[in-house]
Ligand SMILES: C[S@@+](CC[C@H](N)C(=O)[O-])C[C@H]1O[C@@H](n2cnc3c(N)ncnc32)[C@H](O)[C@@H]1O
């Protein structure tokens, strides 16, 4: 069954709230708050726990989590902070986050969705912005590229110190190297548009999840990105990509991408398209609006793999604060 929110409600009836006492107890037991002043981390304050660092966005957030500002913040050398791997922000405790009036930007929505996650999960393509899961979650990070490849060509705006070291090499098209039925959640933010066969990716995610597990997808809205001049990918096209996942069909995606999304001057285009295709550069193969993505999820739910709950939400606020829409599918 597809449930598409008609208003701006973000409360998913199928989501079980986290016990707040659990989270605070855990933080008090194991988290430390560290800050170093320097060129790598600047003034940023981090909650460090289980080998990962989670940026704290404000003194108010720190206090919500049960720490005092500045008494509980320990100054440390940069080297010590660098020894903690990036691990995403610390979400506002769920009872504060599930306040639709406060969901003014993309990170606030990500945090609201993150609050409902628990257990062991996989995040595919975290890049330098790991999803802000509660620190009590155990996250395995996966990417199609190695850490060395990710730092060699960072995306614009990515800080090298924030790039997550992948624990497992895996492609969202197939999610190899991850056991079936092993995950409580799977998160992919700004990744499904890079897959050749998105219907196949969602079916692969379904196989990897335990019953009741959640797939969280955050997807750029084509009308709010460089994809705005491309045609919206049709359901027929996606079904065809799933039925005949032939790599040679992808050539047309590269031509469209380098003509309409990130245009290359015509005289050089054919050669560049051929080069990027040969290298398998991960372009945006497909481009969606919230409604066309929901149409694809409806098809997947009816024809490919049945989910117990499918929830989607359009981009919030304006383009300067949010370019993405959201989907949570519960197995
Ligand atoms: C645009 S970045 C997204 C970064 C981050 N999640 C965010 O929301 O800002 C895309 C990431 O997904 C990875 N990626 C792209 N296509 C992929 C695929 N088919 N399978 C696995 N990872 C992929 C890229 O290597 C990169 O790390």
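What follows is calculated from the coordinates using simple rules that are stated; it is not laboratory data. Here the structure is a predicted model, which means the values were calculated and not measured. Here the Cβ positions follow ideal geometry from the backbone for every residue, glycine too, while neighbour counts run over all protein chains shown.
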### Query
DSSP beta bridges in the chain, what fraction antiparallel, as a percent rounded to 5?
45
## Note on the structure
With -39,500 (n - 2.57) per DSSP H segment of 4 or more residues and division by the full residue count of the chain, the 222 nm estimate, nearest 500 deg cm²/dmol, is -7500 deg cm²/dmol
### Hydrodynamic radius by Kirkwood, which averages 1/r over all alpha carbon pairs of the chain, in angstrom
20.8
### Centroid-to-centroid separation of segment 237-303 and segment 186-229 [C-alpha atoms, Å]
14
### Task
Take each of the peptides 292-302, 120-130, 249-259, average the number of other beta-carbon atoms within 10 Å over its residues, and list them starting from the highest.
120-130, 292-302, 249-259
#### Entry: C-alpha long axis of helix 20-30 to longest principal axis of the chain, angle in °
70
### Query
What does the highest-first list of 192-202, 233-243 look like by mean Cβ count within 10 Å?
192-202, 233-243
### Summary
The helix 198-208 Cα axis meets the longest alpha-carbon principal axis of the chain at an angle in degrees, between 0 and 90 and rounded to 10, of 50
### Query
In which sequence would 115, 305, 137 go, from the one with the fewest C-beta neighbours within 10 Å to the one with the most?
305, 137, 115
### Query
What's the angle, to the nearest 10 degrees (0 to 90), between helix 290-299's Cα axis and the longest principal axis of the chain?
70
